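Engineer: Here it is: the structure, laid out below.
The values are calculated or read from the model by the stated rules, or taken from the named source; none is laboratory data. Everything numeric here is computed off the predicted structure, so don't read it as measured data. Reconstructed Cβ throughout: ideal geometry from the backbone, glycine too, with neighbour counts over all protein chains shown. When the accessible area is computed, the model is the full protein with side chains, heavy atoms only, and any ligands, DNA or RNA have been set aside. Shrake-Rupley method; radii C 1.70, N 1.55, O 1.52, S 1.80 Å.
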Amino acid sequence: TSARPFEVASAADLLIVGLEEYNDKHYIQTQDIDLAAFDDTYDDGQGWKPLDFNGVYNGNNKKISNLCISRPDTDNVGLFAAANSAEIKNLTLDVAYVYGNNNVGAICGSAYDTDFLLCSVINSVITGEGNKIGGFAGNAGTGSNIQYSSLSNSEISGAEYVGGIFGYQTLNTNIDCCTSSNDCSYIASVKNAGCIAGATTLSSNISSSFGNGYIETFLNAGGITGELTNNCKIEDSSVVELLVFCENYAGAIAGRTSD
């Protein structure tokens, strides 16, 4: 419960968090956790196995380090697979290597009605064979929110919708007071790449956020978001030291906008 959360002090404890009978509980991390044992020799070379999470995870300002996932044929890949009506806060992921197909992020592949608060992803490489690849979550929607969180010294890449915070931000999703900086790169081989989001659509907003780094894509590159459409808004946000390679539609704030 919130008053008596499960304590997570080791990799063995963390394995339990996503099990079906426990994935809607409250947790607090009490020690830094090293996942080096779950490397590319674990689970037939696939590394850490992501599971869905529907509860509250308080990282308690501790770290999870050396997350390794190599599942290029799998959707919804991250520390957690899909987060549904969850809350994840006060957590740092340091040195995450995450490789999946669609919906790939360091913390979770997809986030629905999920809140992130005071989280960091550093020194990480997040890669997707397909679409919707983000530093925190690849696909974020249904009223999800992220505040006071940061990505640094990391590389995010995929085919479409590549962003430093969320790859694809949709359905009343908000990004507030977030940064993506310090030698980060965002590479979408097809379209839509941005320091904060690959695309922002359907009444979603970005505010008081900051981006810099290197963006490379064929279509729609933006210092904040690659594409801004359908009743969305960016405010009080800025970009510095931005380097962009893009064939069509590039902007310091957004690559392309409509509605």
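Engineer: How many lysine pairs are close in the chain, with Cα atoms under 23 Å apart and the two 8 or more places apart or on different chains?
Structural biologist: Eligible lysine pairs with Cα atoms under 23 Å apart amount to 14.
Engineer: For region 62-112, what is Rg from Cα atoms divided by 2.2 N^0.38 Å, rounded to two decimals? Provide the component values of the computation, followed by the final result.
Structural biologist: Values: Rg = 10.7 Å, N = 51, 2.2 N^0.38 = 9.8 Å.
Ratio of Cα Rg to 2.2 N^0.38 Å: 1.09.
Engineer: Could you give the spread of the C-alpha atoms of region 118-259 along their three principal axes, from largest to smallest, in whole angstroms?
Structural biologist: 32, 28, 28
Engineer: Which of 140, 111, 96 moves the most in a Gaussian network model of the chain with Cα springs under 10 Å?
Structural biologist: 96
Engineer: If I compute solvent accessible area with a 1.4 Å probe over the protein chains, what percent of it on the chain is carbon and sulfur?
Structural biologist: 44
Engineer: Note down the Stokes-Einstein diffusion coefficient of the chain in µm²/s, whole number, using a Kirkwood radius over alpha carbon pairs, 37 °C, and 0.692 mPa s.
Structural biologist: 190
Engineer: Suppose each label sits 7 Å from its Cα in the direction of the beta carbon; what would the residue 202-residue 30 distance come out to in nanometres?
Structural biologist: According to this spin-label approximation, the distance is 4.1 nm.
Engineer: Along its principal axes, what span do the Cα atoms of region 121-172 show, with the longest given first and each in whole Å?
Structural biologist: 28, 27, 8
Engineer: Could you tell me, in Å, what Rg and Dmax come out for the Cα atoms of region 1-142?
Structural biologist: Looking at region 1-142, its Cα Rg and Dmax stand at 13.4, 41 Å.
Engineer: Would you kindly find the accessible area of residue 176, with a 1.4 Å probe and non-protein molecules such as ligands, DNA and RNA excluded, rounding to the nearest 10 Å²?
Structural biologist: 30
Engineer: Taking a temperature of 20 °C and a viscosity of 1.002 mPa s, what whole-number D in µm²/s does Stokes-Einstein yield for region 77-154 with Rh from Kirkwood over alpha carbon pairs?
Structural biologist: In µm²/s, the coefficient rounds to 181.
Engineer: Sticking with this structure for a sec: Which residues' amide hydrogens lie under 5 Å from the amide hydrogen of residue 244, considering only partners 5 or more residues apart or on another chain, with H built in the peptide plane?
Structural biologist: Under 5 Å from the amide H of residue 244 lie the amide H atoms of 215, each far enough along the sequence or on another chain.
Engineer: Moving on to the next point. Out of residues 5 or more away from residue 74 or on other chains, whose amide H comes under 5 Å of its own, with H placed 1.01 Å from N in the peptide plane?
Structural biologist: Here the answer is 101, since their amide H atoms fall under 5 Å of that of residue 74.
Engineer: Rounded to the nearest whole Å³, what is the per residue volume of the convex hull around the Cα atoms of region 12-96?
Structural biologist: Roughly 87 Å³ of hull volume per residue.
Engineer: Cα convex hull of region 1-47: how many Å³ per residue?
Structural biologist: Looking at region 1-47, the number lands at 68 Å³ per residue.
Engineer: May I ask you to give the solvent-accessible area per residue for the chain, in square angstrom, as obtained with a 1.4 angstrom probe?
Structural biologist: 40
Engineer: Mean-square fluctuation check for the chain, GNM, Cα pairs under 10 Å: which of 106, 81, 11 is largest?
Structural biologist: Greatest mean-square fluctuation among the candidates belongs to 11.
Engineer: Per the helix-only calculation at 222 nm, which mean residue ellipticity applies to the chain, given -39500 (n - 2.57) for every DSSP H run of n ≥ 4 and division by its residues, nearest 500 deg cm²/dmol?
Structural biologist: That calculation yields -500 deg cm²/dmol at 222 nm.
Engineer: Using only alpha carbon positions, build the gyration tensor of region 95-196, then give the equivalent ellipsoid semi-axes as the square roots of 5 times its eigenvalues, largest first, whole angstrom. Walk me through the intermediate numbers first.
Structural biologist: Details: eigenvalues 61, 47, 25 Å².
Over the Cα atoms of region 95-196, the semi-axes work out to 17, 15, 11 Å.
Engineer: For region 195-253, what are the per-bin percents of Cα-Cα distances with bins 5 Å wide, up to the bin holding the maximum?
Structural biologist: Histogramming region 195-253 at 5 Å steps yields 5, 21, 32, 24, 14, 4 percent.
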